[in-house]
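Remarks on the structure that follows.
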Amino acid sequence: MTYRALIPVKALDEAKSRLAGYLTLHQRKNLVLDMLHHVLQVLQQSNMLEQITVVSPDLQVLDYARIWGVHALIEELPSHNAALHAAALQETGTTALLTIAADLPLLQPGDIHALIERSLHYPVVLAPSRDGTGTNALLVQPPLALPYLFGVNSLHKYVQAAKEWQLGSTIYNSIGLALDIDTIDDLDDLYELQILSGEKIQSWPGTYRENSYSDSEESLAHHSKSL
């Protein structure tokens, strides 16, 4: 089996709009980049993927993706699912394709191993968001065996689509794949986990909650040195 991954990332100017009342745009951009960097590092450390591709309409995001050692693909279609479909069409030569969210600060290589292990028995492997309605990772073999259905209640839509296409599916639950960062409550929960762990990990954006009312330049400065 040959595995590849796609990671969609929105334009940085639209970054995490639901956090706009708590973080500046500058901080929200940093947050997106930090989490993307973490996800890419985990995918690389898993040693399970032949190729990793970031798909984004944002040229700065794509520049970072190249610096961080992965492929970069410009998103040219207005629809998120249509853009992913177009990107998946370019993944020729792979037998299974993982599409995974870019905002998973607790993701670990073991999560990738678990998804791939399950794919040996099921052509469709799904990782839900914490509320059980969204989908934070989708591993399908062959690629595009199912259409992209990301959006409201996507998990239910994927399960139903797999049944309609007579494809066996399974759901893998883990905190690393479930905790995405969209709201201030998500940041609060992450910050509490960081405090309880006694660790200060830069790729965990719990520190953004701690400094939510200051416009720290530290993270972006770190990224900018690479460009």
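Mind telling me which of the residues 158, 148 ends up being aromatic (Phe, Trp, Tyr), in contact (Cβ under 8 Å) with a residue 60 or more places away in the chain and either crowded, with 17+ Cβ neighbours inside 10 Å or part of a loop (DSSP other than H, G, I, E, B) (or both)? Outline the logic, then answer.
Working: 158 fails: in contact (Cβ under 8 Å) with a residue 60 or more places away in the chain.
Going through 158, 148 in turn, just one is aromatic (Phe, Trp, Tyr), in contact (Cβ under 8 Å) with a residue 60 or more places away in the chain and either crowded, with 17+ Cβ neighbours inside 10 Å or part of a loop (DSSP other than H, G, I, E, B) (or both): 148.
Quick one: residue 34 ticks every box in (1) touching a strand residue (DSSP E or B) at 6+ places or on another chain (Cβ under 8 Å); (2) acidic (Asp, Glu); (3) under 25 Å from residue 172 (Cβ atoms) except a single one, so which number is it?
(1)
Quick check, is residue 95 in contact with a Phe, Trp or Tyr (Cβ under 8 Å, 6 or more places away or on another chain) and under 27 Å from residue 165 (Cα atoms)?
Answer is yes for this residue.
Could you grab the pairs with beta carbons closer than 6 Å, sequence gap of 6+ or different chains, first residue in region 161-172 and on the phi > 0 side of the Ramachandran plot, second one at pLDDT below 95 and not hydroxyl-bearing (Ser, Thr, Tyr)?
Qualifying pairs under 6 Å: none.
For region 1-31, which positions are crowded, with 23+ Cβ neighbours inside 10 Å and more than 18 Å from residue 101 (Cα to Cα)?
23, 27
Going by what's in this entry, would residue 113 be described as open to solvent by 70 Å² or more (accessible area, probe 1.4 Å) and without any contact (Cβ under 8 Å) to a residue 40 or more places away in the chain?
No: the conditions fail for residue 113.
Out of (1) touching a Ser or Thr at 6+ places or on another chain (Cβ under 6 Å); (2) outside any helix (DSSP H, G or I), the odd one out for residue 118 is which?
(2)
Select, from 136, 153, 173, the only residue that is at pLDDT 95 or above, under 29 Å from residue 58 (Cβ atoms) and out of contact with any Leu (no Cβ under 8 Å at 6 or more places or on another chain). If you could, list the steps in order and put the result at the bottom.
Numbers: 136 fails: out of contact with any Leu (no Cβ under 8 Å at 6 or more places or on another chain); 173 fails: under 29 Å from residue 58 (Cβ atoms).
Sole residue among the options that is at pLDDT 95 or above, under 29 Å from residue 58 (Cβ atoms) and out of contact with any Leu (no Cβ under 8 Å at 6 or more places or on another chain): 153.
For residues that are assigned to a helix (DSSP H, G or I) and among the small types (Gly, Ala, Ser), scanning just region 32-77, find the one that is surrounded by the fewest Cβ atoms within 10 Å (Cβ to Cβ). Spell out how you get there, then give the answer.
Step one: of region 32-77, the residues assigned to a helix (DSSP H, G or I) are 32-46, 59-67.
Narrowing further to those that are among the small types (Gly, Ala, Ser): 46, 65.
Details: 46: 20, 65: 24.
In this case the residue turns out to be 46.
The values are calculated or read from the model by the stated rules, or taken from the named source; none is laboratory data. Note that the coordinates shown come from a computational prediction; the quantities given were computed from them, not determined experimentally. Quick reminder, even Gly has a Cβ in these numbers, built from the backbone with ideal geometry, and neighbours come from all protein chains shown. Protein only, heavy atoms only, side chains kept; ligands, DNA and RNA dropped before computing areas. Shrake-Rupley method; radii C 1.70, N 1.55, O 1.52, S 1.80 Å.
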